[in-house]
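> Before I ask anything, let me first share the structure, which is written out below as structure tokens.
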Amino acid sequence: MCFLNRFDIINSMKKYMFAFLVVGFVSSFGLVGIFAQSEDTSIRVHVYKGWNMLGNGDDYPKPLMEKAQYMFAYFPMLSRYVQIKPELPSEERDRISNEIKNVMGGTDLGRYEKHMKGSYWFYYPEEGDITLTVSAGRQQYLLPGWNFKFFSPEMLGHKFSEVTGDCNVQRAYIYASKQFSEGKDPWINLMSMDFGQITNSDSKQLLGYGILVKVEKECQLGVKNVVPNLPALPN
């Protein structure tokens, strides 16, 4: 997202296994749905002037980074945002790296690698479209507290409560950049949202947008084994 000097901060921080995050959103909220399929999907994401919460599960997807003027990631281990673009001075990057080492010291840092995929805050100086790829079947792991994750293809056709896996979700939101541009409240409560009510023809447009989820402990998002309703008896 010229970006932390060829990912210098990313590479150094991966050594210490932090998980970081940031967000964005679309559609008439910009709501449209999540596209269910098992293969990689090339999508076009519409971004609005200002802050957008976006991600596709990869570290700093280049199409999103290149047009962004600013980018921030949320480091749950530190419980705060860290500026990613423009890049921080080397002294500040070293200070953050040392701080993460101290916070994570004495634990198996390798287990946190899986938590590093998510979404991020991007600031765009103008409205436009960006093309990127979103993969299905990508597991999303969460740490205690706030997590910046993203809409995945598996979520289509389910209520949010059905895709929370083994997580005890306390709060969950999406950030609708379009609503903010229209002077409306951009934060939309995700807890009662039913993705099954969103048409498949529009669903592809929601991929790549971020979700903000707060959980009590380390867990994993995923579709639960929900028993379908029995057919009703005839009259």
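> If Lys49 passes every condition in (1) under 19 Å from Ser181 (Cα atoms); (2) surrounded by 18 or more Cβ atoms within 10 Å (Cβ to Cβ); (3) among the basic types (Lys, Arg) but one, which one does it miss?
Of the numbered conditions (1) under 19 Å from Ser181 (Cα atoms); (2) surrounded by 18 or more Cβ atoms within 10 Å (Cβ to Cβ); (3) among the basic types (Lys, Arg), the odd one out for Lys49 is (2).
> If you check Tyr141 against the conditions, is it closer than 27 Å to Arg80 by Cα, touching a His at 6+ places or on another chain (Cβ under 6 Å) and modelled with pLDDT under 90?
The answer is yes for Tyr141.
> State the number of residues belonging to the stretch 50-109 that are charged (D, E, K, R), in a loop (DSSP other than H, G, I, E, B) and in contact with a Phe, Trp or Tyr (Cβ under 9 Å, 6 or more places away or on another chain). Explain how you work it out, then say what you get.
If we filter the stretch 50-109 for residues that are charged (D, E, K, R), which is where we start, we get 58-59, 62, 66-67, 80, 85, 87, 91-95, 99, 101, 108.
Narrowing further to those that are in a loop (DSSP other than H, G, I, E, B): 58-59, 87, 108.
Okay, now just the ones that are also in contact with a Phe, Trp or Tyr (Cβ under 9 Å, 6 or more places away or on another chain), so 59, 87.
The number of residues fulfilling the criteria is 2.
> Among the numbered criteria (1) within 27 Å of Ser79 (Cα to Cα); (2) over 15 Å from the mean Cα position of the chain (by Cα); (3) modelled with pLDDT of 85 or more, which one does Trp187 miss?
Status for Trp187: all satisfied but (2).
> What are the residues in the stretch 170-183 that are in contact with a strand residue (DSSP E or B) (Cβ under 6 Å, 6 or more places away or on another chain) and either surrounded by 20 or more Cβ atoms within 10 Å (Cβ to Cβ) or not polar (S, T, N, Q) (or both), if any?
Arg171, Ala172, Tyr173, Ile174, Tyr175, Ala176, Ser177
> Pairs under 7 Å by beta carbon, first residue assigned to a strand (DSSP E or B) in the stretch 147-163, partner among the acidic types (Asp, Glu), six or more apart or different chains?
The qualifying pairs are Lys159/Asp194.
> Also, I was wondering about something else. What is the residue count in the stretch 124-146 for residues that are in a strand (DSSP E or B) and more than 23 Å from Glu216 (Cα to Cα)?
8
The values are calculated or read from the model by the stated rules, or taken from the named source; none is laboratory data. For clarity, every value in this text was computed on a predicted model and none was experimentally measured. Heads up, the Cβs are rebuilt from the backbone with ideal geometry, glycines too, and the neighbour counts pull from every protein chain shown.
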